[in-house]
Amino acid sequence: MQLPDGIDQILSSQEEIKATIQRLAAQISADYEGQEVLLVGVLKGAFIFLADLSRQLTIPHVVDFLSVSSYGATATTSGEVRIIMDLRTFIRDKHVIIVEDIVDTGYTLSYLQQLLGARKPASLRACVLLSKPDRRRVDTPIDYLGFEIPDHWVVGYGLDYSDMYRTLPYIAVLKPEVYLESQ
Ligand code: IMP
């Protein structure tokens, strides 16, 4: 297959992603049987993952989104997380699952767990498609995890580099020269 410019290799194919989402959705559906769940998607990266995950769930659920920023247009984190857009929903006494594309240093997820946890939901868990354990700086619980991956910048299936490559149907490794050039 001819890969787009800047892409090094495919890490997870469409079929692998689909099977992983089925596994996560089955696990969540079993764990929350008889309960309604609020899925909180973290924009923009999680929008495709959340759309596919939600359609595989067999339990009643609603969705909402928030947006945070810590990276700007680069591939390095400042460690400072800011909320750009908050939820429309009041989450008190609800079963909340944060749906995140990727956990890298852990700063974003840890910030969201503290922020949303303070609003007293009935329960708060995290469902994450990808994790880079070698990059972790803060320990943050991930209740449902798709894949662990090595320390590469990955794009596709909602993940971007400077808003590019987001709609590739697979998850791919970006060539380091793409992000090293802009630093
Ligand atoms: P953390 O706060 O360092 O864990 O970073 C989490 C956020 O950084 C994710 O929600 C992504 O938006 C972004 N991010 C981290 N690594 C990657 C990557 O390899 N590709 C695309 N986005 C990434």
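Among the residues making up region 62-77, those that are away from the ligand (no atom under 11 Å from the Cβ) and modelled with pLDDT of 95 or more are Val62, Val63, Asp64, Phe65, Leu66. Restricted to region 8-30, and to residues there that are part of a helix (DSSP H, G or I), of a type in the set (Val, Ile, Thr) and farther than 24 Å from Arg119 by Cα, the residue that is nearest to the ligand (Cβ to nearest atom) is Ile17. Beta carbons closer than 9 Å, at least 6 apart along the sequence or on distinct chains, pair a first residue in region 117-144 that is within 18 Å of Ser12 (Cα to Cα) and in a loop (DSSP other than H, G, I, E, B) with a second that is away from the ligand (no atom under 11 Å from the Cβ) and modelled with pLDDT of 95 or more for Lys132/Glu148. Residues that are among the basic types (Lys, Arg), out of contact with any strand residue (DSSP E or B) (no Cβ under 6 Å at 6 or more places or on another chain) and surrounded by 18 or more Cβ atoms within 10 Å (Cβ to Cβ) within region 98-132 comprise just one, Lys132. Note on region 145-155: among residues that are closer than 19 Å to Thr20 by Cα and not in a strand (DSSP E or B), the one that is nearest to the chain's Cα centre (by Cα) is Ile149.
Could you pull out the residue among Glu100, Glu80, Glu33 that is within 9 Å of the ligand (Cβ to nearest atom) and of a type in the set (Asp, Glu)?
On the way: Glu80 fails: within 9 Å of the ligand (Cβ to nearest atom); Glu33 fails: within 9 Å of the ligand (Cβ to nearest atom).
Going through Glu100, Glu80, Glu33 in turn, just one is within 9 Å of the ligand (Cβ to nearest atom) and of a type in the set (Asp, Glu): Glu100.
The conditions of being modelled with pLDDT under 95 and either within 11 Å of the ligand (Cβ to nearest atom) or more than 22 Å from His61 (Cα to Cα) (or both) are met by Asp139. Across region 115-135, what is the number of residues that are within 13 Å of the ligand (Cβ to nearest atom) and more than 14 Å from Glu100 (Cβ to Cβ)? Number satisfying all stated conditions: 3. Each residue in region 156-183 was checked for being part of a strand (DSSP E or B) and either in contact with a helix residue (DSSP H, G or I) (Cβ under 8 Å, 6 or more places away or on another chain) or of a type in the set (A, V, I, L, M) (or both), and 7 pass.
The values are calculated or read from the model by the stated rules, or taken from the named source; none is laboratory data. The structure displayed is predicted, hence computed values, not measured ones. Neighbour counts are summed over all protein chains in view; Cβ atoms, including those assigned to glycine, are modelled from backbone coordinates with ideal geometry.
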